[in-house]
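Engineer: Before I ask anything, let me first share the structure, which is written out below as structure tokens.
Any read-out appearing in this document is the output of simple, stated calculations on the displayed coordinates, not a laboratory observation. On a predicted model such as this, the values are computed, not experimentally measured, just so you know. FYI the Cβ positions are ideal-geometry reconstructions off the backbone, even for glycines, and counts take in every protein chain you see.
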Amino acid sequence: MNDPVNANEERPDEYDPQEVEGKWQKRWRDRGTNAVDIAGASDPYYALMMFPYPSAEGLHVGNLFAFVGNDIYGRFQRLQGHNVFEPFGYDAFGIHSENYALKLGKHPGKLIPENIANFRRQVERSGLMIDWRHTLATTDPEYYKWTQWVFLQLLKHGLAYRKQAAVNWCPSCKTVLANEQVIGGRCERCQTPVEQRLLEQWFFRISDYAPRLLNNLDHLDWSESTRTAQRNWIGRSEGAEILFPAEAADAGREEIRVFTTRPDTIFGATYLVLAPEHPLVQKLITPAQRDAVEEYLERTAKQDLIARKTSTEKTGIFTGSYAVNPATGLPIPVWIADYVLMEYGTGAIMAVPGHDDRDFEFAMLFGLPIVRVVCAEGDDPEADFSSAFTGSEGARLVNSGRFNDMTVEAGKRAIVEMLAEKDAAKPAVNYRLHDWCISRQRYWGPPIPIIYCDACGAVPVPEKDLPVILPYVEDFKPDDSGVSPLARHEEWYRVACPKCGAMGRRETDVSDTFLDSAWYFLRYPSVGIDDVPFDPVLTRKWLPVDTYIGGNEHAVLHLLYSRFVTMVLHDMGHLDFEEPYVRFRAHGLIIRNGAKMSKSRGNVVIPDEYIATWGADAFRGYLMFLGPFEEGGDFRDASISGVKRFLDRLWSSVVTAVADNSSSGSAEHSSEVMRKLHQTIKKVGEDIPRLSYNTAIAAMMEYMNVLRRGERKPRRGEVAPVVQLVAPFAPHIAEELWERLGHSESVFDAGWPSFDPALVEEEKIELAVQVNGKMRGRLNVRRDIGQDEALALAMAEGSISKFVNGSPRKVVFVPGRLLNIVA
RNA sequence: GCGGAAGUGGCGGAACUGGUAGACGCGCUGGACUUAGGAUCCAGUGGGGCAACCCGUCCGGGUUCGAGUCCCGGCUUUCGCACCA
């Protein structure tokens, strides 16, 4: 590796990143360069980055990649004249921190401040334009006081409720997980198979907001991939709810409600299936079947979610009862099977084995009848099945009485209409989105502000009594009792009921970390204000967030929850907007050796050593030059040197220009250099808003190549604008060079250079000449050359005209670009 | 299985609405300056051919004067979701 310190000893004016960066970081602190006038800003711009969980390992390149990408954007907006607010904070509660503390045998309350201090050091060393007066940590009582307040607002408006529910339980983390934290039946954090448990939990009614959360997506300026992920997660399905009359085991009449997206296939519904947890199950078991069914129910109840959700083989049992298919009037058996989920739809389905893969598999296994009711064009309606036919395009209904020959779409409408007349069906919409379980049986989170009283029930802690402080306890290790470690601390949870004064008991669960992060962006401008969570005036000035940049791993978790909380606060009148982020861009992932960075793979890159070797500016530039910001890239340190060389050359060009006093002022400029300069200003200014950072850097490199290959030394006017262009990427060197160019103010207050559109256009161009679409030559001509003249010039070239036999049949001319002679 | 994104030199990647494929960088080759260089500077660098030229953007078709870009079919990689009725 090269050694900038030694190099510096030999040549005093050599670029020494450590010295330059240290100098400017200190000066930014001393001068308050990055501080924003929150109350007085006239042109506010809120450039938000996702706040990190302050891990003990410190900031890794994945974090830094995202932060730098946002910082460049923010600094660019500032150079455009905006008052840019770029705050930073810490998502410091949660299982991450707690598990790590447990591993070390330390208290998270001690560990987190150390980690935060380390993060801050790293972030400052990286040169981010952070206003440190507006930092926050979710673990700060001054912050989580308002997290608890948010919970109380939802409770007050009936959007928080408590229910006993089968929840995802991670036996390793010993806690309940949200559906979003279960990946493929396993715990998101430790990959342990998740089990089912019944616990009393607090839920938020996010499913009530499903339609709005879905519909608003159409109008948000967000990365398409993120919007698609949210749409899929919300999972809207349109169909019908259909009633199947059934006779219970005791001869009573029952109705089984099913949800289907394919009402057109009802003539093929040859049996019904209930989820094992379905409330009608007991009523439908006939005496003859009782033992077998009870045995089955017991077996499925014990089974953990992973076995149930990922098992490929179907299991099930006949109840002994029959229901009536309202379309055919025929009796069909009612089965129980665990492939039907109680959480979705009505917990019961009409099985159409001819046209659903799962039903087909089940019917084959248990010998249930399979009827074809939809037929692709040209297929034989009476042919045997080898698999379910699930297609619909161009298909027609068959074996469906008077609906025969209808298309699938027409059949859907007609059949629901027919059944609706008998009150046996109605159109229905279902969402996959479930209510948000926010209870966590852990220690390291904000206590849920509820007090249970024998007389009054669940009583909210009065807002004036917030925060409910998380007590410092040494004994915070979770156990598998299903209750929080706080439930072992009677001195904490025993408290008077706020309503009646009788002795009550605090809720001992804490809330989900995602609640902490669901509203943090509202707090930043108001940090330091302690009587409201977010000041109405400041909020109106700064929010919603102008640009949010973050990882797509939060496409459905954090981004959906924060949209929900914002909508709720809007509906309550606390906010005058209902979407928190006007513009969201997902950045790519930095991988190493083709794999995602992770501690277990041992391929995590810590920025510190790179910054120590190359400087923050070169490292920032390298991260951005790696590939398109929205796609990420493979980290390989080999090519950092390219960016460093570019900065070295910029440095020496400016130093040379400054030293050469003779050329200051209005010296004549080479027109080639000036043209390239103006083209570069234009390109960089267009690329940054598109987050096309890699091509912006390439453009600056190109310009520097033109400049240094020129006949004479670079002059001020040729280098000063580059210092401004490079400033968002490499802020320290830019400040230093800007100062050396004789400016006393920060380069970030110097504005963005403008370009002369007339200068951007080349007057001489290379016109591409093709014959029959094949490249045959290039003509160096005036930009505004006409077709006839170009053709004449082309035909005069022997190397071109030799491909043209006789006179051209056709000539295609694209002015300024290309001439194609079709012979 | 469903959904998203993507396949371009030795490598990372450029190429806005179809119009000069390979910008920029790494690496590599040669040269200069040097006691030396893993520093710096200069030149070259998709493949084939002495050359004229020919071939080249995952594969196969198609549209077009012209396709990396558009259409149809297939393959591969990758990231989400996954018995959602």
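Engineer: Give me the extension gain from A:GLU702 to A:ASP357: residue separation times 0.36 nm, minus the current Cα-Cα distance, reported in nm with one decimal. Show your work: numbers first, answer last.
Structural biologist: Working: separation 345, 0.36 × 345 = 124.20 nm, distance 5.74 nm.
The span from A:GLU702 to A:ASP357 would gain 118.5 nm if fully extended.
Engineer: What is the local net charge at A:ALA502, summed over the other residues whose Cβ is closer than 12 Å to its Cβ (Lys, Arg +1; Asp, Glu -1)? Don't jump to the answer; show the numbers that get you there.
Structural biologist: Details: positive: A:ARG494, A:LYS499, A:ARG505; negative: A:ASP454.
Once all neighbours under 12 Å are counted, the net charge is +2.
Engineer: When the Kirkwood hydrodynamic radius is evaluated over all pairs of different C-alpha atoms of chain A, what value in angstrom, to one decimal, is obtained? Spell out each step's value before the answer.
Structural biologist: Details: mean 1/r = 0.0316 Å⁻¹.
Taking every pair of different Cα atoms in chain A, averaging 1/r and inverting gives 31.7 Å.
Engineer: Given the DSSP H assignment, sum -39500 (n - 2.57) over each helix run of at least 4 residues in chain A and divide by its residue total; what's the result at 222 nm in deg cm²/dmol, nearest 500?
Structural biologist: On the way: 28 runs with 292 residues, N = 823.
Dividing the helical sum by the residues of chain A leaves -10500 deg cm²/dmol.
Engineer: Using a cut-off of 19 Å between alpha-carbon atoms, which lysines can reach A:LYS802, once sequence neighbours fewer than 8 places away in the same chain are excluded?
Structural biologist: Here the lysines satisfying the reach criterion relative to A:LYS802 are A:LYS774, A:LYS810.
Engineer: Now for a separate question. What distance in nm separates the simple spin-label points at A:LEU104 and A:CYS190, each placed 7 Å from Cα in the Cβ direction?
Structural biologist: It is 1.9 nm.
Engineer: In a shell of Cβ-Cβ distance under 15 Å around A:GLN679, excluding A:GLN679 itself, what net charge do Lys and Arg (+1) and Asp and Glu (-1) give? Spell out each step's value before the answer.
Structural biologist: Details: positive: A:ARG675, A:LYS676, A:LYS682, A:LYS683, A:LYS764, A:ARG783; negative: A:GLU672, A:GLU686, A:ASP687, A:GLU702, A:GLU718, A:ASP756, A:GLU761, A:GLU762, A:GLU763.
Around A:GLN679, the charge tally is -3.
Engineer: Ok, one more. A:ASP384 versus A:SER744, label points 7 Å from Cα toward the beta carbon: distance in nm?
Structural biologist: 9.5 nm
Engineer: Which ³J(HN,Hα) values, rounded to whole Hz and listed in residue order, are derived for region A:249-262 from phi using the Karplus coefficients 6.51, -1.76 and 1.60 in 6.51 cos²θ - 1.76 cosθ + 1.60 with θ = phi - 60°, glycine and proline given as x?
Structural biologist: Karplus-based 3J(HN,Hα) across region A:249-262 equals 4, 8, 6, x, 9, 10, 10, 9, 8, 10, 10, 9, 9, 10 Hz.
Engineer: Distance check, please: which entries in A:LYS103/A:LYS156; A:LYS163/A:LYS464; A:LYS314/A:LYS422 exceed 29 angstrom between their Cα atoms?
Structural biologist: Numbers: A:LYS103/A:LYS156 39 Å; A:LYS163/A:LYS464 27 Å; A:LYS314/A:LYS422 34 Å.
Correct reply: A:LYS103/A:LYS156; A:LYS314/A:LYS422.
Engineer: So, one more: Nearest 10 degrees, 0 to 90: what angle lies between the long axis of helix A:357-366 and the longest principal axis of chain A (Cα atoms)?
Structural biologist: The two axes meet at around 30 degrees.
Engineer: Enumerate the amide H contacts of A:ALA323 below 5 Å, restricted to partners 5 or more residues apart or on another chain; note that Pro and chain-start residues carry no placed amide H.
Structural biologist: A:ILE332, A:VAL334
Engineer: At 7 Å along Cα-to-Cβ for each site, give me the label-to-label distance between A:SER639 and A:SER799 in nm.
Structural biologist: 3.2 nm
Engineer: Region A:474-563: which GluC sites (Glu not before Pro) are DSSP loop and have at most 11 other beta-carbon atoms within 10 angstrom? Before the final figure, lay out each step's value.
Structural biologist: Details: sites: A:GLU474, A:GLU490, A:GLU491, A:GLU507, A:GLU553; in loops: A:GLU474, A:GLU507.
Loop-located and lightly packed - A:GLU474.
Engineer: Which whole-Hz ³J(HN,Hα) couplings does region A:395-402 yield from phi under the Karplus relation 6.51 cos²θ - 1.76 cosθ + 1.60, θ = phi - 60°, glycine and proline marked x?
Structural biologist: Residue by residue, region A:395-402 yields 8, 10, 6, 9, 6, 10, x, 6 Hz.
Engineer: Could you run the Karplus curve 6.51 cos²θ - 1.76 cosθ + 1.60 with θ = phi - 60° over region A:85-100 and give me ³J(HN,Hα) per residue in whole Hz, x for Gly and Pro?
Structural biologist: Karplus-based 3J(HN,Hα) across region A:85-100 equals 10, 10, x, 9, x, 9, 8, 9, 7, x, 4, 3, 5, 5, 4, 5 Hz.
Engineer: Pairs of Cα atoms under 8 Å, at least six residues apart: use those to get the relative contact order of region A:647-771, whole percent.
Structural biologist: Details: 123 pairs, mean separation 43.3, N = 125.
Value for region A:647-771: 35 percent.
Engineer: May I ask you to derive the relative contact order of region A:453-596, considering only C-alpha pairs under 8 Å and at least 6 residues apart, and to give it as an integer percent?
Structural biologist: Numbers: 149 pairs, mean separation 24.9, N = 144.
Over region A:453-596, the number comes to 17 percent.
Engineer: Would you please name the trypsin sites (Lys or Arg not before Pro) within region A:669-758 that are DSSP coil residues with at most 12 other C-beta atoms within 10 Å of their C-beta?
Structural biologist: Numbers: sites: A:ARG675, A:LYS676, A:LYS682, A:LYS683, A:ARG690, A:ARG708, A:ARG709, A:ARG712, A:ARG715, A:ARG716, A:ARG740; in loops: A:ARG690, A:ARG709, A:ARG712, A:ARG715.
Hits after loop and neighbour filter: A:ARG709, A:ARG712.
Engineer: How much FRET efficiency would the formula 1/(1 + (r/R0)^6) give for A:ARG540 and A:ASP218, where r is the Cβ-Cβ distance and R0 is 41 Å, rounded to 0.05? Write out the running numbers ahead of the final one.
Structural biologist: On the way: r = 25 Å, r/R0 = 0.62.
Plugging the Cβ-Cβ distance into 1/(1 + (r/R0)^6) gives 0.95.
Engineer: In region A:587-627, whose amide N lies under 15 Å from the spot 7 Å out along Cα-to-Cβ of A:ARG121? List them in ranges.
Structural biologist: A:607-612
Engineer: Nothing charged except the Cβ atoms of Lys and Arg (+1) and of Asp and Glu (-1): what's the magnitude of the dipole of chain A about its Cα centre? Round to the nearest 20 debye.
Structural biologist: Working: 93 positive and 113 negative charges, 221 e Å.
Here chain A has a charge dipole of around 1060 debye.
Engineer: Right, something else. Mind checking which aspartates and glutamates have their Cα closer than 17 Å to the Cα of A:LYS683? Skip sequence neighbours fewer than 8 apart in that chain.
Structural biologist: By straight Cα distance, A:LYS683 reaches A:GLU672, A:GLU702, A:GLU718, A:ASP756, A:GLU761, A:GLU762.
Engineer: Now for a different question. In terms of the Cα gyration tensor, with a ≥ b ≥ c the square roots of its eigenvalues, is region A:623-738 rounded because a/c is under 1.5, prolate because a/b exceeds b/c, or oblate? Working shown, then result.
Structural biologist: Numbers: a/c = 2.14, a/b = 1.74, b/c = 1.23.
In terms of gyration-tensor shape, prolate.
Engineer: Quick one: if the Förster radius is 35 Å, what FRET efficiency do A:SER754 and A:ALA39 give, using the C-beta to C-beta distance and rounding to 0.05?
Structural biologist: For R0 = 35 Å, the calculated efficiency reads 0.65.
Engineer: If you don't mind, there's one more thing I want to ask. By how many nm would the segment from A:TYR472 to A:GLU631 grow when fully extended, if each residue of separation counts as 0.36 nm and the alpha-carbon distance is taken off?
Structural biologist: Numbers: separation 159, 0.36 × 159 = 57.24 nm, distance 4.29 nm.
Contour length minus Cα-Cα distance gives 52.9 nm.
Engineer: Let me ask something else about it. Between A:VAL429 and A:GLU377, what length comes free when the chain is fully extended (0.36 nm per residue of separation minus the Cα-Cα distance, one decimal in nm)? Show your work: numbers first, answer last.
Structural biologist: Values: separation 52, 0.36 × 52 = 18.72 nm, distance 2.94 nm.
Once the chain is fully extended between A:VAL429 and A:GLU377, it gains 15.8 nm.
Engineer: For chain A, take the longest principal axis of its alpha carbons; what is the angle in degrees between that and the long axis of helix A:693-708, to the nearest 10 within 0 to 90?
Structural biologist: Between helix and principal axis, roughly 10 degrees.
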